[in-house]
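The structure's right below; bear with me while I get my questions together.
The values are calculated or read from the model by the stated rules, or taken from the named source; none is laboratory data. Bear in mind the structure is a predicted one, so any value in this text is a computation, not a measurement. Here Cβ is always computed from backbone atoms with ideal geometry, including for glycine, and neighbour counts include all displayed protein chains.
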Amino acid sequence: MPSPPSPDGFRYLPDRLDAAAQQALLDAVQQVAAAAPFQRYVTPGRGRPFSIDMTNAGPLGWVSDRRGYRYSPVHPATGRPWPPIPAALLDLWAELAGWPQPPQCCLVNLYRGGGARLGLHRDEDEEAADAPILNVSLGDTAVFRLGGRQRGDPTRSFLVPSGTVMVFAGEARAAFHGVDRILPGSSALLPEGGRLNLTLRRVTPGD
Ligand SMILES: O=C(O)CCC(=O)C(=O)O
Ligand SMILES: [Fe+2]
């Protein structure tokens, strides 16, 4: 597997979180999921289920249903506000994002089993399209794919192990990316196996 690519604005920080920090963050994410249960969203239009489960923390959460993708202040099933973003993640953002405002969304993706993946896409539901996205991985290693601004641009895949933090700023913020698959059993962090991915996002340009 080749080394990570390096488009302008992309940072790849393996081992940014040590074992204790990973465990503490996992505990915090489990609390988020207790308040805001994971859901299996469906795609807009055709209503095809994703292969991963999702939930959110923060004032706004990313949701998808037959009507489309959007950010919502409440959990679609419980109708309650999303729980707060864990403090350790706000600290990471303050340290690494280089952005004056705090994140408004922490999207939590849970990849479990051989078929869990996320197709090549761009994150473009945020009005604050210039604010970086900070990506944190816990658990099984991902085979991550990163391309360019156009869907047809060449892509490269590389491994993203537990404890890795990636920053997508500048050019990289608009780059196509996805997760081809995870490597089941590559980490013992999650008691039931799998990979958790956390992305911190600024949604609106105002405060
Ligand atoms: O799981 C990942 O590392 C990528 C997640 C992602 O691209 C997204 O949630 O938009
Ligand atoms: Fe994404």
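Across segment 143-187, what is the total count of residues that are in a strand (DSSP E or B) and either in contact with a helix residue (DSSP H, G or I) (Cβ under 7 Å, 6 or more places away or on another chain) or not β-branched (V, I, T) (or both)?
Count: 15.
Being of a type in the set (G, A, S), touching a Gly at 6+ places or on another chain (Cβ under 6 Å) and more than 15 Å from ligand 1 (Cβ to nearest atom): is that true of S51 here?
Spelling it out, it is not the case that S51 is of a type in the set (G, A, S), touching a Gly at 6+ places or on another chain (Cβ under 6 Å) and more than 15 Å from ligand 1 (Cβ to nearest atom).
Between P161, P132, which is touching a strand residue (DSSP E or B) at 6+ places or on another chain (Cβ under 9 Å) and crowded, with 19+ Cβ neighbours inside 10 Å?
P132
Out of curiosity, is R202 more than 12 Å from ligand 1 (Cβ to nearest atom), surrounded by 19 or more Cβ atoms within 10 Å (Cβ to Cβ) and of a type in the set (K, R)?
yes
For S137, indicate whether it is modelled with pLDDT of 95 or more, surrounded by fewer than 21 Cβ atoms within 10 Å (Cβ to Cβ) and not charged (D, E, K, R).
So S137 does not fit the description; no.
On to the next question. L96 - would you say it is on the phi < 0 side of the Ramachandran plot, of a type outside the set (S, T, Y) and within 13 Å of ligand 2 (Cβ to nearest atom)?
no
Another question about this same structure. So, in segment 115-142, how many residues would count as being part of a strand (DSSP E or B), more than 15 Å from ligand 2 (Cβ to nearest atom) and more than 13 Å from T199 (Cβ to Cβ)?
Residues flagged as part of a strand (DSSP E or B), more than 15 Å from ligand 2 (Cβ to nearest atom) and more than 13 Å from T199 (Cβ to Cβ) within segment 115-142 amount to 1.
Of the conditions (1) more than 10 Å from ligand 1 (Cβ to nearest atom); (2) aliphatic (A, V, I, L, M); (3) free of Cβ contacts under 8 Å to residues at least 60 places away in the same chain, L120 clears all except one; give me its number.
So the condition that L120 fails would be (1).
Kindly indicate whether L25 is farther than 25 Å from R181 by Cβ, hydrophobic (A, V, I, L, M, F, W, C) and surrounded by 19 or more Cβ atoms within 10 Å (Cβ to Cβ).
Spelling it out, it is not the case that L25 is farther than 25 Å from R181 by Cβ, hydrophobic (A, V, I, L, M, F, W, C) and surrounded by 19 or more Cβ atoms within 10 Å (Cβ to Cβ).
While we're on this one: Being without any contact (Cβ under 8 Å) to a residue 60 or more places away in the chain, under 18 Å from the mean Cα position of the chain (by Cα) and not in a loop (DSSP other than H, G, I, E, B) is true for just one of V63, V108. Which residue is that?
None of the others qualify; the one that does is V63.
Before we move on, is Y12 surrounded by 14 or more Cβ atoms within 10 Å (Cβ to Cβ), more than 22 Å from G113 (Cα to Cα) and of a type in the set (S, T, Y)?
yes
Return a yes/no flag: does segment 149-156 have any residue that is within 15 Å of ligand 2 (Cβ to nearest atom), farther than 14 Å from G178 by Cα and surrounded by 14 or more Cβ atoms within 10 Å (Cβ to Cβ).
No: segment 149-156 contains no residue that is within 15 Å of ligand 2 (Cβ to nearest atom), farther than 14 Å from G178 by Cα and surrounded by 14 or more Cβ atoms within 10 Å (Cβ to Cβ).
Right, another one. Which ones in segment 69-86 are of a type in the set (S, T, N, Q) and not in a loop (DSSP other than H, G, I, E, B)?
S72
What are the residues in segment 28-60 that are on the phi < 0 side of the Ramachandran plot, exposed (fewer than 15 other Cβ atoms within 10 Å of the Cβ) and either acidic (D, E) or over 16 Å from the mean Cα position of the chain (by Cα) (or both), if any?
Matches in segment 28-60: Q31, A34, P37, V42, P44, R46, R48, P49.
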